[in-house]
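Shown next, in structure tokens, is the structure this report addresses.
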Amino acid sequence: MDRLALHGGRKVRTTPWVSEFQGVEALGDEEKARVLAVLEKKRIFRYLADGYEDSEARQLENEYRELTGCSYALAVNAGTSALISALIGIGVGPGDEVIIPAFAWVATAAAVLEGNAVPVLCEIDDSLTLDPADLEAKITPHTKAVIAVHMRGMSCDIDPIMAVADRHGLLVVEDVAQSNGGTYKGRPLGSIGRAGCFSLQQYKIITSGEGGVVVTDSEPVWQRAAMYHDCGQNPFKYSERKIETFSGQNYRITELQAALCLGQIDRMRSIIQSMREQKRAIVAGLQEIPGVFLSSAFGTDRDLGVSAVLYISEADRVSSFAEALSAEGIPCEVIYRPERQNLHIYPFWDFLMQKRDPWGGGYPWNADAYKGQVSYAVDMCPKTLDLLGRAVQIRLNQYVTADDSEDLVQAVRKTALSILK
Ligand SMILES: *Cc1c(COP(=O)(O)O)cnc(C)c1O
């Protein structure tokens, strides 16, 4: 048997692995030209008296309406702001509970709290997304909405989620931050729930550094979200206001961000196509390796291929496996290790675990309007922690070649044969 690189054997791979970024690695002339044109026009704020309709921000909204088929889109300054605006948009507020998956991003939980509602945690399944089987168990008389997070490029199993939500009269918000451009059974992500939220931050598939978009088919949801994102004013300069004003934040996007993203959006299709292709090859190569199992959702149409995740059957071997695989030249990480902070996983959402608000009053848990009872503990989603504690993640992007995929598969095989036998 081949000696492991960890023990002085030859590395499977000696050249560096691809970067962890996608869209930002592809930044080129298109984006430069668009950003420069904005600078030359000296118009960097979206709402100026002339031409609301052809602002860069408006064009970006049009692109997202086209991408998702939704009637309304609102460009904002971040994915977090998109989530908060969408929650306010659908009418979430004091007294409400919102169910979120135990594996998401810390901002998903924070957005619920910023919407004055109480987050309730739900397990994930081996697709890395919300487990529809656990969703129903987490519903209480106070549940108003569910945030379905399409995590690590994996679409949620959204049909059963929608079925449970419909049965109980819950609204679904899709968090598409990590799966921009994805689909579920041919339907664009973001268009299936009441609202969909995108992020354009650097770690996402396409980016403008910071930025976000909300999409919806509901005019009142869009009007409420738009009102909230701009302190109750501007958006209605170019369309009739049909709701009462209320106070809000300033979550406006700049023309520079919007122009940058317009350059990126043209690249999204080819980025995704290339990632999907290599991911299918990787998943095919990783079948039937003793001690390693994959989700049946990996490599399917639900998978954009932003990372390769494999599960190790014996949890106590996972750390040595990941160490040995990295030594072979395939950098990887165990997603959940209790001693290492990972803000994608609920035990590390301190403010939630300890019910902390900015004022020290335990709001919104202690609010008069809230009649429910929620407590949080590190062991409350054992299935999620068990899965993520066995999950080894290797980051992928559009520059992974067939040779890279072969290296990955060969390195996993070699490592598994030594460590997991
Ligand atoms: C990145 C991310 C967000 C927040 O987006 P920002 O643009 O960073 O505010 C929300 N949810 C998920 C799942 C994310 O990955």
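Every number here is computed from the coordinates shown, using simple stated rules; none is lab data. For clarity, every value in this text was computed on a predicted model and none was experimentally measured. Cβ atoms come from the backbone with ideal geometry, glycine included; neighbour counts cover every protein chain shown.
Take the Cα of Ala369, step 7 Å toward its Cβ, do the same at Ala49, and the gap between the two points is 3.9 nm. Applying 1/(1 + (r/R0)^6) with r as the Cβ-Cβ distance of Arg167 and Glu219 and R0 = 35 angstrom yields a FRET efficiency of 0.85. Annotation: the residues Leu260, Leu294, sorted from fewest to most other C-beta atoms within 10 Å of their own C-beta, follow the order Leu294, Leu260.
Projecting the Cα atoms of Val309, Ala324, Met353 onto the charge dipole of the stretch 254-375 (Cβ charges, centred on the Cα centre) puts Met353 farthest toward the positive pole. Kindly list the residues of the stretch 57-83 that lie in the label zone of Tyr238, defined by a backbone N under 12 Å from the point 7 Å along the Cα-to-C-beta vector. Residues 57-63, 73-75 fall inside that zone.
Full extension of the chain segment joining Gln341 with Arg187 gains 52.0 nm, where the gain is 0.36 nm per residue of separation less the Cα-Cα distance.
Which shape class, rounded, prolate or oblate, goes with the stretch 1-112 when its Cα gyration tensor gives a ≥ b ≥ c as root eigenvalues, a/c under 1.5 marks rounded, and past that a/b bigger than b/c marks prolate?
Values: a/c = 3.39, a/b = 1.42, b/c = 2.38.
Because a/c hits 1.5 or more and a/b fails to exceed b/c, the stretch 1-112 counts as oblate.
Look at Ser295, Ser218, Ser375 and count the other Cβ atoms within 10 Å of each Cβ; fewest to most, that gives Ser375, Ser218, Ser295. Rounded if a/c is under 1.5, else prolate if a/b is larger than b/c, else oblate: which is the stretch 219-260, with a ≥ b ≥ c the root eigenvalues of its Cα gyration tensor? Taking the square roots of the gyration eigenvalues as a ≥ b ≥ c, the stretch 219-260 is prolate. Provide the FRET efficiency to the nearest 0.05 for the Glu66-Asp29 pair, computing r from the beta carbons and using R0 = 25 Å. Once the sixth-power term is evaluated, E becomes 0.60.
Each Cα pair under 8 Å and six or more residues apart adds its sequence gap; the mean of these over the residue count of the chain is a relative contact order of 23 percent. Calculated FRET efficiency, Arg356 and Ser296, Cβ-Cβ r, R0 30 Å, to nearest 0.05? About 0.15, to the nearest 0.05.
Between Lys421 and Glu40, residue separation times 0.36 nm minus the direct Cα-Cα distance comes to 130.9 nm.
Among Ser313, Ser179, Ser296, the largest mean-square fluctuation in a Gaussian network model of the chain (Cα springs under 10 Å) belongs to Ser296.
Note on the stretch 157-293: dipole from Cβ charges, positive end direction compared against Gln178, Ser199, Leu260; the farthest Cα belongs to Leu260.
Distance between the 7 Å Cα→Cβ label points at Tyr399 and Asp159: 3.9 nm.
Per-residue packing, averaged as other Cβ atoms within 10 Å, sorts the ranges 17-24, 6-13, 38-45 into the order 17-24, 6-13, 38-45, beginning with the highest.
Using Cβ point charges alone (K and R +1, D and E -1), the dipole size of the chain about the Cα centre works out to roughly 340 debye. How would the stretch 283-421 be classified by its alpha-carbon gyration tensor: rounded, prolate or oblate, with rounded meaning a/c under 1.5 and the a/b versus b/c comparison settling the rest? It is prolate, given that a/c is not under 1.5 and a/b is the larger ratio. The calculated pair-distance distribution of the chain uses every alpha carbon pair, bins of 10 angstrom beginning at 0, and gives 5, 22, 30, 25, 14, 4, 1, 0 percent. The packing ranking of peptides 393-402, 242-251, 188-197, highest mean first, is 188-197, 393-402, 242-251, where packing means the average number of other beta carbon atoms within 10 angstrom of each residue.
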